[in-house]
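The values are calculated or read from the model by the stated rules, or taken from the named source; none is laboratory data. Everything quoted here is computed from the prediction, not taken from an experiment. All Cβ positions, even for glycine, are placed from backbone atoms using ideal geometry, and neighbour counts span all protein chains on display. Only protein heavy atoms, including side chains, enter the accessible area calculation; ligands, DNA and RNA are left aside. Shrake-Rupley method; radii C 1.70, N 1.55, O 1.52, S 1.80 Å.
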Amino acid sequence: MENPRSYRFSFVLLALALLLSCLLNISSGSVSIPFADVISSLLGKNAQLATWDYIIWDYRMPKAFTSILVGGGLSLSGLLMQTLFRNPLAGPFVLGISSGASLGAALLLMGTSMLAGFTSFSFIGDVSLAIAASIGSFLVLAVVMIVAQRVKDTMALLIIGLMFGSITSAIVSILAYFSSAESLQRFIFWSFGSVGNLSTDQLLLLAAIVVIGILLSIVSIKSLNAFLLGENYARSLGVSLKKSRLTIIIATGLLAGGITAFAGPIAFVGLAVPHLTRQIFDTMEHKILIPAVMLYGGILMLLCDTLAQLPNSASVLPINAITSLVGAPVVIWLLVRKRKMMF
Amino acid sequence: MADGNRNILSVQDLNIGYDSKAVAKHISFELEAGSLCGVVGINGIGKSTLLRTLGGFQPKLSGKVVLHQQILENHTSSSLSKKLSVVLTEQPASKNLTVQELIALGRQPYTNWLGSLSSNDKEKIQESLDAFLLEELRHRKCHELSDGQLQRVLVARAMAQDTPLILLDEPTTHLDLYHKVQILKMLQELAHNKQKTILFTTHEIDLAIQLCDRILILDGKNNPFGNPCELIEQKHFDHLFPSEMVQFDAKTGTYKVNK
């Protein structure tokens with residue numbers, strides 16, 4: 001009902017902020033490249049050194065693009081979960097969806113090597129990793145959904161999510177104990193989270209998954225809005241509960257699972273960004289919230305990645321640690337300031 | 001229009017309950033357009049179950065419900081959403097909605113796939129805001145409202161859904177006397193001025209007697225239905241409650257505590 005026009009200014013600001021953080025992200029890295037050269041390289045003119053062009057176009061640009069996809073996609077899945085579960089604390093990490101993806105990845109990376117120790121990793125393609133992680137997240141999501149049907153208490157749901165996290169990490173520990181050093185290392189690097197190591201094919205696959213997730217969310221806008229009243233009201237408004245719930249779950253599972261597969265389990269973005277977004281966009285209309293959380297998530301992820309990329313040094317901090325360091329205080333701050341979290 | 005066609009809702013020998021365990025049996029009544037009907041009865045007699053059954057939230061056990069000349073079960077969910085709207089006892093899941101946003105959700109059955117509001121939708125929303133004195137509250141969040149205000153918002157949302165039948169489950173609970181009367185008066189105006197058929201469950205028997213055009217008494221036996229005066233004359237209110245505690249006074253239409 002509120003004119004979308006009144007948010008146009010905020011959207012322009014957010015888009016500018018995204019552009020700026022993108023530039024900042026691209027101009028920082030282990031190799032120091034003057035800002036002027038970054039700009040001229042981006043504009044299609046050559047930078048002073050050909051290697052700089054190569055670094056910017058073949059390494060930093062895909063990384064920035066991945067960050068935007070990961071941040072935007074995770075934030076969107078967080079928004080969908082908060083509405084679907086009627087719970088302000090819902091998010092891919094809290095509800096154990098990321099743990100499910102981890103389990104899928106762990107079973108693939110370490111489990112297969114256990115079963116067939118002699119086979120090389122080469123047959124574990126990117127697609128199979130994405131599929132394994134997505135299946136893992138879907139399974140957990142389905143179980144959480146079934147439990148949510150029976151347990152109306154929102155606290156119980158969160159505790160169940162935490163328990164899933166514990167179970168998963170236990171299974172992962174067992175797998176780790178029996179697996180080879182090589183595959184264990186591979187899994188641990190995956191679990192640090194990274195937006196930098198994606199090949200063009202992987203990036204395209206990730207983009208395709210995120211786009212499908214976005215499309216499914218856009219189709220669900222009307223039912224998402226109706227779910228804000230509760231399921232019985234949504235039903236009385238003509239929403240087909242089964243169909244729209246399934247669509248939203250598939251969108252969430254694809255987004256959280258697909259992203260976790262490629263970028264590792266990244267904490268807090270999905271939970272914190274929707275709440276941060278509501279600080280500026282004071283509306284519950286998903287037509288506005290969906291693009292807003294995605295822009296916001298993209299910005300946050302770019303900034304976190306810039307932080308992770310220690311300036312002028314070759315070392316990169318695990319992105320998962322950075323998002324937790326940024327995201328957890330945000331959640332605490334929101335809780336303290338508003339006393340009660342709303343969605 | 002033929003006489004029979006004025007019936008918005010017709011219920012014939014309806015049995016309701018859960019998994020073949022009947023809660024209430026042999027309920028029959030008919031409601032015309034523009035009538036306000038209260039459903040009264042003691043706790044656990046099946047008032048809410050009746051409302052949930054009529055609203056399509058749970059299947060009936062047996063009997064027949066005809067809504068707008070069509071069997072209730074034969075309505076598709078989208079057609080049903082244009083025929084009946086509900087006000088439930090449950091609170092809206094998100095109280096971060098503004099009054100206006102919440103009422104606008106009532107227009108969902110009529111909006112396109114994105115839920116964009118047409119000028120007609122906006123008119124209906126404005127009408128609902130005006131009818132329930134919510135103009136000044138329109139940009140408030142639901143968590144900032146008092147119980148009485150929130151109840152008005154929920155009823156206004158049902159009005160914006162613009163259905164011939166509105167079902168309300170205990171719209172007056174948690175309200176003080178003034179706000180109880182206010183809500184019921186507004187429902188009466190809505191029924192009479194806009195020709196809506198309104199069915200609500202309530203424990204306010206004295207108010208229902210004064211304001212309703214029809215009353216359905218769920219007593220576990222005959223479930224009498226009629227206009228309040230007839231029901232008083234036929235002494236149907238006298239045995240609604242165990243008589244050692246309260247006694248119905250037919251002159252005033254109220255219950256008196258036995259001294």
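Scoring B:Glu144 on the criteria (1) within 14 Å of another protein chain (Cβ to nearest Cβ); (2) at pLDDT 95 or above leaves a single failure, condition (2).
On the stretch given as the range A:307-320, residues that are surrounded by 15 or more Cβ atoms within 10 Å (Cβ to Cβ) and farther than 17 Å from A:Asn197 by Cβ total 1. Between A:Leu204, A:Leu228, the distinction of being over 26 Å from A:Leu307 (Cβ atoms) and open to solvent by 40 Å² or more (accessible area, probe 1.4 Å) belongs to A:Leu204 only.
In this structure, does B:Met159 turn out to be under 13 Å from the mean Cα position of the chain (by Cα), closer than 20 Å to B:Val39 by Cβ and within 14 Å of chain A (Cβ to nearest Cβ)? It is true that B:Met159 is under 13 Å from the mean Cα position of the chain (by Cα), closer than 20 Å to B:Val39 by Cβ and within 14 Å of chain A (Cβ to nearest Cβ). The set of residues from the range A:304-332 being of a type outside the set (A, V, I, L, M) and assigned to a helix (DSSP H, G or I) comprises A:Cys304, A:Asp305, A:Thr306, A:Asn320, A:Thr323, A:Ser324, A:Gly327, A:Pro329. Applying a threshold of 8 Å to beta carbon distances and a minimum spacing of six or more residues, or different chains, the list of pairs starting in the range B:69-85 at a residue that is closer than 20 Å to B:Trp113 by Cα and ending at one that is open to solvent by 60 Å² or more (accessible area, probe 1.4 Å) and assigned to a helix (DSSP H, G or I) reads B:Ser77/A:Arg235; B:Lys82/B:Tyr110.
Restricting B:Asp219, B:Asp206 to those that are at negative phi, modelled with pLDDT under 95 and assigned to a helix (DSSP H, G or I) reduces the list to B:Asp206. For the range A:311-325, the condition holds for no residue, the condition being that it is at pLDDT 95 or above and under 24 Å from A:Phe343 (Cα atoms). Please specify each residue of the range B:185-203 satisfying the condition of being polar (S, T, N, Q), touching a Leu at 6+ places or on another chain (Cβ under 9 Å) and outside any strand (DSSP E or B). Matches in the range B:185-203: B:Gln188, B:Thr202. Selection of the range A:186-201 for residues being in a helix (DSSP H, G or I) and either aliphatic (A, V, I, L, M) or open to solvent by 60 Å² or more (accessible area, probe 1.4 Å) (or both) yields A:Arg186, A:Ile188, A:Phe189, A:Phe192, A:Thr200, A:Asp201. When the range B:115-132 is filtered for residues that are within 10 Å of chain A (Cβ to nearest Cβ) and within 14 Å of B:Ala158 (Cβ to Cβ), only B:Ile125 remains. Looking for something under 19 Å from the mean Cα position of the chain (by Cα), in contact (Cβ under 8 Å) with a residue 40 or more places away in the chain, away from chain B (no Cβ under 13 Å) and not in a helix (DSSP H, G or I) - is there at least one such residue anywhere in the range A:207-223? No; the residues of the range A:207-223 include none that is under 19 Å from the mean Cα position of the chain (by Cα), in contact (Cβ under 8 Å) with a residue 40 or more places away in the chain, away from chain B (no Cβ under 13 Å) and not in a helix (DSSP H, G or I).
Do you know which of the residues in the range A:240-276 that are within 14 Å of another protein chain (Cβ to nearest Cβ) and crowded, with 24+ Cβ neighbours inside 10 Å is modelled with the lowest pLDDT? For the range A:240-276, the residue satisfying everything is A:His275. Scanning the range B:70-109 for residues that are more than 8 Å from every other protein chain (Cβ to nearest Cβ), touching a Pro at 6+ places or on another chain (Cβ under 8 Å) and under 21 Å from B:Leu134 (Cα atoms) yields a count of 1. Set side by side, the residues B:Ser28, B:Ser35, B:Ser48 differ, and just one is in contact (Cβ under 8 Å) with a residue 60 or more places away in the chain and within 14 Å of another protein chain (Cβ to nearest Cβ), which is B:Ser48. For A:Glu182, only one of the following conditions fails: (1) more than 14 Å from chain B (Cβ to nearest Cβ); (2) in contact with a strand residue (DSSP E or B) (Cβ under 8 Å, 6 or more places away or on another chain). What is its number? For A:Glu182, the failing item is (2).
The criterion of at least 1 residues that are exposed (fewer than 15 other Cβ atoms within 10 Å of the Cβ) is met, among strands (runs of 3 or more DSSP E) falling completely within the range B:26-107, by B:62-67.
I need the full set of residues from the range A:224-236 which are touching a His at 6+ places or on another chain (Cβ under 9 Å) and either at the interface with chain B (Cβ under 7 Å from one of its Cβ atoms) or of a type outside the set (A, V, I, L, M) (or both), in order please. The answer is A:Asn225, A:Leu228.
A search for C-beta distances below 7 Å between a residue of the range B:195-212 that is farther than 20 Å from B:Ile8 by Cβ and any residue that is of a type in the set (Gly, Ala, Ser), counting only pairs 6+ apart in sequence or on different chains, returns B:Asp206/B:Gly253; B:Ile209/B:Gly253; B:Gln210/B:Gly253.
When residues of the range A:251-274 are filtered for being of a type in the set (Val, Ile, Thr) and within 19 Å of A:Gln202 (Cβ to Cβ), how many remain?
Initially, the range A:251-274 is screened for residues of a type in the set (Val, Ile, Thr), giving A:252, A:259-260, A:266, A:269, A:273.
With the extra rule that they be within 19 Å of A:Gln202 (Cβ to Cβ), the set shrinks to A:259-260, A:266.
Final tally of qualifying residues: 3.
Among the residues of the range A:19-45, the ones that are open to solvent by less than 10 Å² (accessible area, probe 1.4 Å), closer than 19 Å to A:Ala314 by Cα and outside any loop (DSSP other than H, G, I, E, B) come to 3 in all. In the condition set (1) at the interface with chain A (Cβ under 9 Å from one of its Cβ atoms); (2) assigned to a helix (DSSP H, G or I); (3) surrounded by fewer than 21 Cβ atoms within 10 Å (Cβ to Cβ), B:Asn112 is compliant with all but (2). Among the residues examined, B:Lys21 does not qualify as open to solvent by 10 Å² or more (accessible area, probe 1.4 Å), at pLDDT 95 or above and farther than 30 Å from A:Met81 by Cα. Scanning the range A:60-78 for residues that are open to solvent by less than 10 Å² (accessible area, probe 1.4 Å) and under 11 Å from the mean Cα position of the chain (by Cα) yields a count of 11.
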